[in-house]
1. Under the √(5λ) rule applied to the eigenvalues of the Cα gyration tensor, what semi-axes describe the equivalent ellipsoid of the stretch 80-208? Give them in Å, descending.
2. Sticking with the crude label model, points 7 Å out along Cα→Cβ, report the distance from ASN259 to LEU227 in nm, one decimal please.
3. Considering amide H positions built from the backbone, and no H for Pro or chain starts, which residues 5 or more places from GLY142, or on another chain, come under 5 Å of its amide H?
4. Keeping to pairs on different chains or 8 or more places apart, tell me how many lysine pairs in the stretch 4-121 have Cα atoms under 20 Å apart.
5. Report the charge-dipole magnitude of the stretch 4-121 in Debye, nearest 20, computed about the Cα centre from +1 at each Lys and Arg Cβ and -1 at each Asp and Glu Cβ.
6. Of SER128, SER24, SER45, which has the largest mean-square fluctuation in a 10 Å C-alpha GNM of the chain?
7. Be a star and scan the stretch 337-351 for residues whose amide nitrogen sits under 15 Å from the point 7 Å along the Cα-to-Cβ vector of ARG205.
8. Restricting to the chain, what percent of DSSP beta bridges are antiparallel, rounded to 5?
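Please treat every number below as a calculation from the coordinates, not as lab data. All of these numbers come straight from a predicted model, not from anything done at the bench. Positions of Cβ are generated from backbone atoms using ideal geometry, with glycine treated the same way; all protein chains shown enter the neighbour counts.
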Amino acid sequence: MKQLKVAIIGCGNVSKVHFAATISNPSAKLIAVCDIKEDRAKQASEEYGVPYYTDYHDVLDLQPDVIHICTPHHVHAEMTIAAANKGIHILTEKPMATNLHDADRMIQAARDNNVTLGVIFQNRYNASSLAVKAAVDSGDLGKILGARLFVTWMRDDEYYSKSDWKGTWDMEGGGVLIDQAIHTMDLMQWIMGPIDKLEGSIDNRTHDLIDVEDVAEATVFFKNGALGSLYACNFYTYDADVMLEIHGENGIARLEKDNAIIRINGQPEKVVYPEGDQEVIGKSYWGVTHKTQIDEFYADVLAQRPVKIDGEAGRKALEFVRAIYFSGTHGGKVVQFPFAEPKGFIPPSLTHP
């Protein structure tokens, strides 16, 4: 069996699930780790028995088959493009970039160099997510009338004080939408289908240490005629379970954390739970399907076939986020899709009064 030579760039919190998936996959061989913070890189090196680097260019010079990008958001684009230009396949954490122009550059670089670009949205692989999408796609729910999304988590000032990049427009690319809510937003647009237009608002109501949004809402008009409602904040009192509900003329399908509840008129209620007793690595709300997506990515690269969540798919979630930022920055202006993001657009500082 051919083994893919794999390097992981970025050794922070989310890297744990990438390391676990890589070392457990017989088709992959970890050959290097990298982080600009040498203590992190060295710790990962010692734990996994591979060399460490503090400059990602040195890792690319090793010519791995695949790199995982687990770094702060603002460097995803430059690392992806540099790797693609060396013929290396890329799997990047979400968001793929902090703006749509960088996302387009990443997609073009992968296309020009005939390499695979994958974007992590592991929740699409949850059994519950697949069940809800099947209920919509099969027509069991009938005509889709609406959808609502709630993400209410807690990220206090201490959370931001421990980071040198979070809570910034230039490095994180935003706040609650681009970091906490983007996974559920991705599920919403994946299940509901293309967005026609939206209007939204953003604000910073509780955080003194950041200049990005800690609350956002939007009204979303889908091309299938359905109406969506979105609310997200990261100043709730705990990390409440996320909720995404799809309302059809024949019933309702609701995602609550990793479970699905599907009620179709005239049929027994169906409840879908996570599959098996898989080990939770890292934060519980990440779920257990990072490994599923990573294993599939490796298999697709080896088989030289397209991946399900490629650059274009990853871009759709980012477009959703960026359109709300633009609308919220311009007094709730209606944003048509596809969203033609102005080059260089960065929302103004949102300071807590």
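1. 27, 25, 14
2. Placing both labels 7 Å beyond Cα along the Cβ direction yields 3.0 nm.
3. For GLY142, the qualifying residues are ASN250.
4. So the count of such lysine pairs works out to 10.
5. Dipole about the Cα centre, nearest 20: 300 debye.
6. Comparing SER128, SER24, SER45 in a Gaussian network model of the chain, the most mobile one is SER24.
7. 351
8. 60
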